[in-house]
1. Among the residues of the stretch 288-316, which ones are farther than 26 Å from Thr102 by Cα and not basic (Lys, Arg)?
2. Before we move on, is His91 farther than 26 Å from Val32 by Cβ, within 15 Å of ligand 1 (Cβ to nearest atom), surrounded by fewer than 21 Cβ atoms within 10 Å (Cβ to Cβ) and not hydrophobic (A, V, I, L, M, F, W, C)?
3. Quick one: in the stretch 328-349, which of the residues that are among the aliphatic types (A, V, I, L, M) and surrounded by fewer than 16 Cβ atoms within 10 Å (Cβ to Cβ) is nearest to Leu208 (Cα to Cα)?
4. It is to be established whether one or more residues within the stretch 153-167 are in contact with a Lys or Arg (Cβ under 6 Å, 6 or more places away or on another chain), modelled with pLDDT of 95 or more and surrounded by fewer than 24 Cβ atoms within 10 Å (Cβ to Cβ).
5. May I ask you to list the residues in the stretch 280-327 that are of a type in the set (Lys, Arg) and away from ligand 1 (no atom under 11 Å from the Cβ)?
6. Scan the stretch 49-57 and give yes if some residue there is without any contact (Cβ under 8 Å) to a residue 24 or more places away in the chain and buried (at least 21 other Cβ atoms within 10 Å of the Cβ), otherwise no.
7. Inside the stretch 299-335, can you point out the residues that are within 16 Å of ligand 3 (Cβ to nearest atom) and outside any helix (DSSP H, G or I)?
8. Ile87 - would you say it is at pLDDT 95 or above, among the β-branched types (Val, Ile, Thr) and within 16 Å of ligand 2 (Cβ to nearest atom)?
Amino acid sequence: MKALVYHKPKHVSVDNVPDPIIEDPRDAIIRVTATAICGSDLHIYNGLIPDTKSFVVGHEFMGIVEEVGTEVKNLQIGDRVVVPFPIACGHCYFCQHAHLPTQCENSNPEFYGPEGDITKGKGGALFGYTSLYGGYNGGQAEYVRVPYADFGPRKVPDGLQDEQVLFLTDIFPTGYTAIDWADLKGGETVVVFGCGPVGIMAQKSAWLKGAGRVIGVDIQPYRLEKARQTAGVEVINAKEEKVAEVVRSMTEGRGADVCVDAVGMEADRTLLDKALATVGVQAGTAKVLENAFDTVRRGGTVTVVGVYASNYNQFPFGKIFDKTITLKAGQAPVQVYIDHLMALVQEGKVTLNDIISHRLPLQEAVHGYKIFNEKEEDCVKVVLQP
Ligand SMILES: NC(=O)c1ccc[n+]([C@@H]2O[C@H](COP(=O)([O-])OP(=O)(O)OC[C@H]3O[C@@H](n4cnc5c(N)ncnc54)[C@H](O)[C@@H]3O)[C@@H](O)[C@H]2O)c1
Ligand SMILES: [Zn+2]
Ligand SMILES: [Zn+2]
């Protein structure tokens, strides 16, 4: 089959690779009908989350069930499914009791560890996300093996097109997680850093959860415009204005009730950040995180779904302490939210596909990576068709 394979930083290609096969009775094989490139794939592409091995990339995919293992009773050949990006067993402490499939104790046996941190032990596994995250091949491919297929995949109700539900695999649940963790009561001012796919989904989620005012922040004018159009937010260009000052001026001097970091470590970097990265002290930068702690009001909440993969110099813990900030961060527990979010899509309460800027055949995936990474051709979200 054809698949997008990672070789080394900035080097991915569409290769012929062996078709996946059932390896465990709980596996299913899916024929992929739509898949997308994620900001998280760019961390691999840009070498911030490294691997020495080649693998098929991609964790946002959906398709048709082609084959099921003997223990998969919930799916039948021909079913159309969306697949959550965390690979999780469904039975362990974290899957069952903590509602955190992202911390599954069984799906990443080689590198799982209670310590956390990229050097000492990881959480559970992700599709197409390096050896450290389980070494599973991903879904930017014609076919994909889905482990624990009796726990992850969800059948798509009739009448919904692929593009209407594809983002239930990751970015909509991820944006929703960022808002759910902030526990809105209604009427809050929510500032979302990042108007990429995840940021825009967080903005849509903020309205769904009753925010009173939603403000999107980015450094790319075309992405600010996209957020304005698709999520109906006010916008601030962080290149041109001091975000914390603008937000305070909008909130009687206090700051936002909630700040969401939907940018992560690949924000535009200072010379110091680049120097620290070169000597291996930190991956990328935490400047957006610092901006969020600055912009949030005293007693407010900062949630972080943008990815950070190391410790960070000058982390402002004094500010967090002084302002009594609540902080929550991590990968999105997609399996926990997906059924509720599927219902919202089906009821027409939210539209997800309005952020798609590019539809390309899988064969042109390399071009898709380039324009998404370089922010060329006003690229916001690339959907690939195998
Ligand atoms: N936690 C999870 O489960 C999860 C799931 C999916 C994606 N993610 C992460 O979310 C982040 C965003 O993903 P995406 O697909 O939207 O990626 P993206 O790269 O398209 O979006 C990032 C946005 O941040 C903007 N940006 C850069 N520097 C900035 C700054 N200084 N201030 C404000 N904005 C700035 C960029 O212009 C871009 O629009 C990534 O880190 C990704 O890995 C996390
Ligand atoms: Zn993703
Ligand atoms: Zn588990």
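The values are calculated or read from the model by the stated rules, or taken from the named source; none is laboratory data. Computed from a prediction, not measured in an experiment: that's the story for all the values here. So basically every Cβ, Gly included, is an ideal-geometry build from the backbone, and we count neighbours across all protein chains shown.
1. Here is the first cut: in the stretch 288-316, the residues farther than 26 Å from Thr102 by Cα are 291, 294-299, 313-314, 316.
Matches in the stretch 288-316: Asn291, Asp294, Thr295, Val296, Gly299, Asn313, Gln314, Pro316.
2. Values: farther than 26 Å from Val32 by Cβ: yes; within 15 Å of ligand 1 (Cβ to nearest atom): no; surrounded by fewer than 21 Cβ atoms within 10 Å (Cβ to Cβ): yes; not hydrophobic (A, V, I, L, M, F, W, C): yes.
No, not satisfied.
3. Applying the first criterion (among the aliphatic types (A, V, I, L, M)) to the stretch 328-349 yields 329, 332, 334, 336, 338, 341-345.
Checking the rest, the ones that are also surrounded by fewer than 16 Cβ atoms within 10 Å (Cβ to Cβ) come to 329, 343.
On the way: Ala329: 21, Ala343: 13 Å.
Among those residues, the one meeting the criterion is Ala343.
4. Quick first cut of the stretch 153-167, residues in contact with a Lys or Arg (Cβ under 6 Å, 6 or more places away or on another chain) only: 156.
Within this subset, residues satisfying the condition of being modelled with pLDDT of 95 or more are 156.
Subsequent filtering for residues that are surrounded by fewer than 24 Cβ atoms within 10 Å (Cβ to Cβ) retains 156.
Among the residues of the stretch 153-167, at least one is in contact with a Lys or Arg (Cβ under 6 Å, 6 or more places away or on another chain), modelled with pLDDT of 95 or more and surrounded by fewer than 24 Cβ atoms within 10 Å (Cβ to Cβ), which makes the answer yes.
5. Taking the stretch 280-327 and keeping what is of a type in the set (Lys, Arg), we get 287, 297-298, 319, 323.
Arg297, Arg298, Lys319, Lys323, listed by residue number.
6. No, the stretch 49-57 has no match at all.
7. Once the filter is applied, which keeps residues that are within 16 Å of ligand 3 (Cβ to nearest atom) and outside any helix (DSSP H, G or I), the stretch 299-335 yields Gly330, Gln331, Ala332, Pro333.
8. Working: at pLDDT 95 or above: yes; among the β-branched types (Val, Ile, Thr): yes; within 16 Å of ligand 2 (Cβ to nearest atom): yes.
Considered against the rule, which asks whether it is at pLDDT 95 or above, among the β-branched types (Val, Ile, Thr) and within 16 Å of ligand 2 (Cβ to nearest atom), Ile87 comes out as yes.
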